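Here is the structure we will look at.
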Amino acid sequence: MGSLGAGTAIQASYFVAAALFILGLKRMSSPVTARSGIVWAGVGMVVATLITFLTPGMGNYGLMTAAIAVGGIAAWVTGRRVAMTDMPQMIALYNGMGGGAAGAIAAVELLAGEVHGFTVLTLGVLGGLIGAVSFTGSLIAFAKLQGLVKRSFRFRGQNVVNLLILAGAAVAGAVIVVQSGGTQGHVVLLFALALLLGITMTLPIGGADMPVVISLYNALTGLAVAFEGFVLNNAAMIIAGTVVGSAGTLLTQLMAKAMNRSLANVLFSGFGETAAGGAAGPAGTLKAIETPDAAVMMGFSEKVIIVPGYGMAVAQAQHKVWELVQALTARGVAVKFAIHPVAGRMPGHMNVLLAEAGVPYDLIYDEAEINSEFETADVALIIGANDVVNPVARTDKSSPIYGMPILNADKAKNVIVIKRGQGAGFSGIENALFYLDHTRMLYGDGQAKAAELVQAVKAL
Amino acid sequence: MIDGFIALYIFMLAAFTGYEVISRVPVILHTPLMSGSNFVHGIVLVGAMVAMGRADTPLELTIAFLGVVLAAGNAVGGYAVTERMLEMFKSSKGKR
């Protein structure tokens, strides 16, 4: 095959791959077609990867195949094994790898002196910088959610330090662009500073804000891939990277909004600083309830709305909760799930966990869809959720969660809360919902209590 | 070859496409979709392969090798977890 023939075949394949990526993402935006969407995109990826072996003037095929095998097999094994509750940090990890790869491309091309022209050099340097930040930043995000790094490292002037590191990297990058290539030392300095910046930027951010950060790094990796696509003159990388960059930016904004946090707030300040002041506890007392009474309350209701939170998933109670739903439905009780956008560890994570237990997605409603229905619900069952049902978000201006959209569980005629103990939520804020007159606390392990409820409801 | 304004046009249209595709997505699919878009930028693999194919010095080759390993991890891992999440989404077929 002549190089012209190979060139055309490669371009055509990249075109098909880019089209399949966009169509795949489109199909992933509806639960009915979502599964086929990832398969379409996967086909595009295989086509693009295989055809790249035909690129004229390439060497190192043996090592290249080995590298693909090493990375691919390791990722496949971990990806198939990871528990659904740990999904967010795995996404962070794979995303970081993509950022690292974009950074590596930039480093190789800059070291080889293959990058020419002001615009392409600028994009190459920027892509490398962003990719490297996304690489170490995502690794820190992974380590934090995995529980490997427990503390949030904050110190005075951390923003100034980060700014200085960024400025240093920018200077090194500018030298490379102006001197059309720079020296090896400049390239090394650029990447060393960028890798460091990813670490220092992410370490101070609290675990609750991590989903937003992961989403941001996802968008940044997309952008880095697009920029390196310009360097390599690769349309598939430019299109796929840009699509992810803009989609990821939108997704990041949606998440930040759902959490009532601005992106700047997440990145440049720590959560909990205002909460530490501690407003006065809510009035009223906590009123406990026993399992049989709770079962009677729900079993003779017309409508029950279940509000699950990450605590339910930690207790591995989702399967028992689904059994409870089936037992109630068999008695003619209408049961719905109400999911807050930030239930679980990132928006949509709770839906994945419920889907794993076999809950059909059409029983699951988001905050906007179901909030008006709480008033007609006989029972709202809260299991493992806390801050997202705290009514002070509507009323108390001094509360750190004031203004955050919440589920109006307090409007239901009765509220039952399954909770392990009497502690406060993730943000450390007392939940006024628990102290309301029509709220009853069912203390115990989520899974055990859900199982007892199933038996009690069946025995009615 | 892609140059100058053509590149800018591609960039703009792709950006709008990404925005439009995501803007109508229900919240229940945000996590799988983030994972799916994470898979899509695994296309960085083809770039890493090209960079490795042209690498000469041991330093370049080492970095490029790492790049390909990481990129393959991004693509394969992204696919594995996204597919696992999406295959679980089922409808209750007229039960409501």
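Could you work out the relative contact order of chain B, using alpha carbon pairs under 8 angstrom and six or more residues apart, expressed as a whole percent? Averaging sequence separation for qualifying contacts and normalising by length gives 32 percent for chain B. Helices assigned as whole DSSP H runs in chain B whose Cα atoms extend at least 27 Å along their own long axis and whose mean Kyte-Doolittle hydropathy is 1.6 or higher are found at B:4-23. In whole percents, the pair-distance distribution calculated for the stretch A:1-154 from its alpha-carbon pairs, binned every 10 Å from zero, is 10, 24, 40, 21, 5, 1. Residue by residue, the stretch A:188-205 carries 3J(HN,Hα) couplings of 4, 4, 3, 6, 4, 5, 5, 4, 5, 4, x, 5, 5, 6, 8, 3, x, 7 Hz when phi is fed to the Karplus relation 6.51 cos²θ - 1.76 cosθ + 1.60 (θ = phi - 60°); x denotes Gly or Pro.
Divide the volume of the convex hull of the Cα atoms of the stretch A:318-434 by its number of residues and quote the answer in cubic angstrom per residue. If you can, show how the numbers build up before the last one.
Working: hull volume 12.6 nm³, N = 117.
Normalising the Cα hull of the stretch A:318-434 by residue number yields 108 Å³.
I need the shape label for the stretch A:174-257. Rule: rounded when a/c is under 1.5, else prolate if a/b > b/c, else oblate, with a, b, c from the alpha carbon gyration tensor. Oblate, since a/c reaches 1.5 and b/c is not below a/b.
On the principal axes of its alpha-carbon atoms, the stretch A:317-362 has extents of 34, 16, 15 Å, going from largest to smallest. Overall size of the protein assembly as shown from C-alpha positions, given as principal axis extents largest first: 78, 53, 37 Å. Can you give me the Cα centroid spacing of the stretch A:1-60 and the stretch A:127-155 in angstrom? Taking the Cα centre of each part, the stretch A:1-60 and the stretch A:127-155 sit 31 Å apart. Approximating the spin labels as points 7 Å out from Cα along Cα→Cβ, the A:THR329-to-A:ALA448 distance works out to 2.9 nm. Our summary gives chain A a relative contact order of 13 percent, counting only alpha carbon pairs under 8 angstrom and 6 or more residues apart. Residues whose amide H lies under 5 Å from that of A:LEU442, counting only those 5 or more places away or on a different chain, are A:ILE289, A:VAL417, A:ILE418, A:LYS419; hydrogens are built 1.01 Å from N in the peptide plane.
Averaging Cα coordinates gives a centre for the stretch B:37-96 and one for the stretch A:72-126; these two points are 9 Å apart.
List the relative contact order of the stretch A:92-242 as a percent without decimals, with contacts defined as Cα pairs under 8 Å and 6+ residues apart.
Details: 242 pairs, mean separation 54.7, N = 151.
In percent, rounded to a whole number, it is 36.
Test of the criteria: in the stretch B:1-93, which trypsin sites (Lys or Arg not before Pro) are in a DSSP loop and have at most 12 other Cβ atoms within 10 angstrom of their Cβ?
Numbers: sites: B:ARG24, B:ARG54, B:ARG84, B:LYS90, B:LYS93; in loops: B:ARG24, B:LYS90, B:LYS93.
Filter output for the stretch B:1-93: B:ARG24, B:LYS93.
Shown in residue order for the stretch A:372-380 are the 3J(HN,Hα) couplings computed by the Karplus curve 6.51 cos²θ - 1.76 cosθ + 1.60 at θ = phi - 60°: 6, 8, 4, 5, 9, 7, 6, 9, 10 Hz (x for Gly and Pro).
Report the trypsin sites (Lys or Arg not before Pro) located in the stretch A:364-460 that are in a DSSP loop and have at most 16 other Cβ atoms inside 10 Å of their Cβ, or state none. Mind dumping the intermediate values first?
Numbers: sites: A:ARG394, A:LYS397, A:LYS411, A:LYS413, A:LYS419, A:ARG420, A:ARG440, A:LYS449, A:LYS458; in loops: A:LYS397, A:LYS413, A:ARG420.
Qualifying residues, ordered by number: A:LYS397, A:LYS413, A:ARG420.
Database remark: amide H of A:ASN414 closer than 5 angstrom to the amide H of A:VAL379, A:ALA380 (H placed geometrically; neighbours at sequence offset of 5 or more, or on other chains; Pro and chain starts carry no H). Couplings 3J(HN,Hα) for the stretch A:144-155, derived from phi with the Karplus relation 6.51 cos²θ - 1.76 cosθ + 1.60 (θ = phi - 60°), are 5, 5, 6, x, 6, 10, 9, 8, 9, 7, 10, 8 Hz, where x marks Gly and Pro. Proximity of backbone amide H atoms, modeled 1.01 Å from N, is registered between A:ARG345 and A:MET350 at under 5 Å, excluding neighbours fewer than 5 places apart on the same chain. Taking a quarter of the surface of the Cα convex hull of chain B gives a mean projected area of 8.9 nm². Relative to the globular-protein estimate of 2.2 N^0.38 Å, the Cα radius of gyration of the stretch A:138-198 stands at 1.41.
If R0 equals 56 Å, the separation of the Cβ atoms of A:LYS287 and B:PHE16 corresponds to a calculated FRET efficiency of about 0.55.
I'd like the trypsin sites (Lys or Arg not before Pro) in the stretch A:65-150 restricted to DSSP loop residues with at most 16 other Cβ atoms within 10 Å, sorted by number. Don't skip to the answer; put the middle values down first.
Working: sites: A:ARG80, A:ARG81, A:LYS144, A:LYS150; in loops: A:LYS150.
When the trypsin sites (Lys or Arg not before Pro) of the stretch A:65-150 are filtered for loop state and at most 16 Cβ neighbours within 10 Å, A:LYS150 remain.
I'd like the FRET efficiency for A:LYS257 and B:THR57, computed as 1/(1 + (r/R0)^6) with the beta carbon distance as r and R0 of 45 Å, rounded to 0.05. Don't jump to the answer; show the numbers that get you there.
Values: r = 48 Å, r/R0 = 1.06.
Efficiency, rounded to the nearest 0.05: 0.40.
Values quoted throughout were computed directly from the atomic coordinates according to the rules given, and no laboratory measurement underlies them. Because the structure is a prediction, the values reported are computed rather than measured. Here the Cβ is made from the backbone with ideal geometry for all residues, glycine too, and neighbour counts use every protein chain on show.
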